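Single-structure report; data block below.
The values are calculated or read from the model by the stated rules, or taken from the named source; none is laboratory data. On a predicted model such as this, the values are computed, not experimentally measured, just so you know. Here Cβ is always computed from backbone atoms with ideal geometry, including for glycine, and neighbour counts include all displayed protein chains.
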Amino acid sequence: MISKLTIVFVLTLLACAATDTDSERISGYNLSKPDFTSELPDTLREISGLTDIDNTTFACIQDEKGILFIYDISKNEILRQDSFNIDGDYEGITRVDSSMYILRSDGTLFEISNYQSSNFKLTSFATGIPANNNEGLCYDPDNDRLLIASKGKIAKGPKYKDKRVIYGFDLKTKKLTNSPLFEFDIQTIVQYAADKKINLPARPKKNGQISEPFIKFMTSAIAVHPITKKLYLLSASDHLFFMFDMEGNIEHLELLNPEIFNKAEGITFLDNGDMLIANEGQDKKPTLLRFNYKNI
């Protein structure tokens, strides 16, 4: 005779499987099961951004040293490391042909031209982005621009409390857009989660009697998908994964398992759609996760 407890357990497994399938169908990835996991060397404990070079190689930075690292996935080793600037809080990196662009948290961009050469040229750009803390950087090839995501508010005051933005940096003019290209409202995202029956982390209201959904939405990494052209975004502090269309409309939201994503600080895509996510080490080893693209 089958017990009620067994039936409940089986139904729970089926519900979880259905959720994974739905998420995979929308996002293209099963985030609960990386196809490949690799521990990165302690040198990259503070890894804070990565960008693809080819199907076996990526470039990355770590947020305390002005060093560009070239990493071989198949060999699981650093191939090269080149100092490009003095130490600083470097948070994002993206490749545009033979140039690497690196984002410092204060909004300064560094362009490493001909990065494969030991005689590379370094140029810096003071973007003037209004936020003091910026972490997300990626290339938007269809519009020949970089996208720069602010981690926090762009100004003080209650009207900015729930607002998060992404600016554009035009690669022809080397100028920041006058206004944000994307504007996100935290309460809109919370409502989306409620509509989709996604249980966000909660905190007590001021009266201490009722809990309410709460997210910080502090962007740690962004990337444009090479096939779907969707914008993917990570908020490491919330353990959340987002997908937006290029108009800024949310299309997917998923909770990340902290055991797999202890602090997701970098995201990039290979040409075939496979996704790489890097975790900062903290009290664990830094890791690289690969998720094969499933175009269901």
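Tabulated data for the structure shown
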quantity: Filter result (farther than 30 Å from Asp97 by Cβ and either of a type in the set (A, V, I, L, M, F, W, C) or at pLDDT below 95 (or both)) within segment 164-186; calculated: Ile186
quantity: Counted residues, segment 130-144 - those being surrounded by fewer than 18 Cβ atoms within 10 Å (Cβ to Cβ) and part of a loop (DSSP other than H, G, I, E, B); calculated: 4
quantity: Identity of the residue in segment 115-129, exposed (fewer than 15 other Cβ atoms within 10 Å of the Cβ) and assigned to a loop (DSSP other than H, G, I, E, B), that ends up nearest to the chain's Cα centre (by Cα); calculated: Gly128
quantity: Where Phe58 falls short, out of the listed (1) within 16 Å of Thr287 (Cβ to Cβ); (2) aromatic (Phe, Trp, Tyr); (3) at pLDDT below 95; calculated: (3)
quantity: Pairs where the first residue, in segment 23-49, is closer than 14 Å to Leu255 by Cα and the second is aliphatic (A, V, I, L, M) and at pLDDT below 95, C-beta under 8 Å, 6+ apart; calculated: Glu24/Ile296
quantity: Qualifying residue in segment 210-229 (condition: among the hydroxyl-bearing types (Ser, Thr, Tyr), surrounded by fewer than 16 Cβ atoms within 10 Å (Cβ to Cβ), closer than 25 Å to Asn133 by Cβ and modelled with pLDDT of 95 or more); calculated: no
quantity: Phe110 being part of a strand (DSSP E or B), under 24 Å from Thr43 (Cβ atoms), touching a helix residue (DSSP H, G or I) at 6+ places or on another chain (Cβ under 9 Å) and aromatic (Phe, Trp, Tyr); calculated: no
quantity: Segment 192-205, residues that are assigned to a helix (DSSP H, G or I) and either closer than 18 Å to Gly152 by Cα or out of contact with any strand residue (DSSP E or B) (no Cβ under 9 Å at 6 or more places or on another chain) (or both); calculated: Asp195
quantity: Test: residue in segment 223-238 that is among the basic types (Lys, Arg), touching a helix residue (DSSP H, G or I) at 6+ places or on another chain (Cβ under 8 Å) and assigned to a loop (DSSP other than H, G, I, E, B); calculated: yes
quantity: Segment 247-260, residues that are free of Cβ contacts under 8 Å to residues at least 24 places away in the same chain and either closer than 18 Å to Ser150 by Cα or part of a strand (DSSP E or B) (or both); calculated: Glu247, Asn249
quantity: Some residue of segment 261-272 being in a loop (DSSP other than H, G, I, E, B), among the hydroxyl-bearing types (Ser, Thr, Tyr) and either crowded, with 20+ Cβ neighbours inside 10 Å or modelled with pLDDT of 95 or more (or both); calculated: no
quantity: Filter result (in a loop (DSSP other than H, G, I, E, B), free of Cβ contacts under 8 Å to residues at least 60 places away in the same chain and either within 19 Å of Ala221 (Cα to Cα) or among the aliphatic types (A, V, I, L, M) (or both)) within segment 145-180; calculated: Lys153, Ile154, Ala155, Asp162, Pro180
quantity: Residue among Ile86, Ile112, Ile93 that is under 19 Å from the mean Cα position of the chain (by Cα), closer than 28 Å to Thr177 by Cα and among the β-branched types (Val, Ile, Thr); calculated: Ile93
quantity: Hits in segment 22-55 (condition: in a loop (DSSP other than H, G, I, E, B), of a type outside the set (Lys, Arg) and touching a strand residue (DSSP E or B) at 6+ places or on another chain (Cβ under 9 Å)); calculated: Gly28, Tyr29, Asn30, Leu31, Pro34, Asp35, Leu40, Pro41, Glu46, Ile53
quantity: Any hit, segment 194-205, residues being surrounded by 15 or more Cβ atoms within 10 Å (Cβ to Cβ), under 26 Å from Phe291 (Cβ atoms), more than 16 Å from the chain's Cα centre (by Cα) and of a type in the set (A, V, I, L, M); calculated: yes
quantity: Unmet criterion (only one of (1) closer than 18 Å to Asn85 by Cβ; (2) modelled with pLDDT under 95; (3) not aliphatic (A, V, I, L, M)) for Thr123; calculated: (2)
